[in-house]
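One structure is given below, encoded as structure tokens.
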Amino acid sequence: MSTPSTEPRTAYPEHFQAVIRGHVQHRVGDGALEDIPVGQKVDVATAIASLVLSWESEGQPVTVTLAKEEFDLYVSQGDIEVQGSNATTAAASA
């Protein structure tokens, strides 16, 4: 039996923007990890256990998914900067 987590978690709005400020990677299918360019502005949509990042590269849409915990880690390390002040920290309830 596991103990519920008491680590704070961040609650994000349904849609928001962020900027990549450091080394952020995502996996394309079962392939190798790929970098998201530093300085890239991304639109972010929240899902149940992940966040969907999207942007345009050379006129083509790009969409990637990061697990919530992975996104939170990148934010806490300063690699992703959430734009605006709509993100709040809440105690984990599960």
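FYI, it's all coordinate maths here, none of it is from the lab. Because the structure is predicted, anything quoted here is derived from the model rather than measured. Neighbour counts are summed over all protein chains in view; Cβ atoms, including those assigned to glycine, are modelled from backbone coordinates with ideal geometry.
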To the nearest 0.05, how large is the calculated FRET efficiency for Glu69 and Asp35 if R₀ is 25 Å and r is the Cβ-Cβ distance? 0.80
What is the set of long-range amide H partners of Gln40 at a cut-off below 5 Å, with H atoms built 1.01 Å from backbone N? Ile20
Estimated distance in nm for a label pair at Arg27 and Ala45, the labels positioned 7 Å out from Cα along Cα-to-Cβ: 2.3 nm
Taking every pair of distinct Cα atoms and averaging 1/r, then inverting, what Kirkwood hydrodynamic radius in Å comes out for segment 10-84? 12.4 Å
Points 7 angstrom from Cα along the Cβ direction at Glu58 and Thr10: gap in nanometres? 3.0 nm
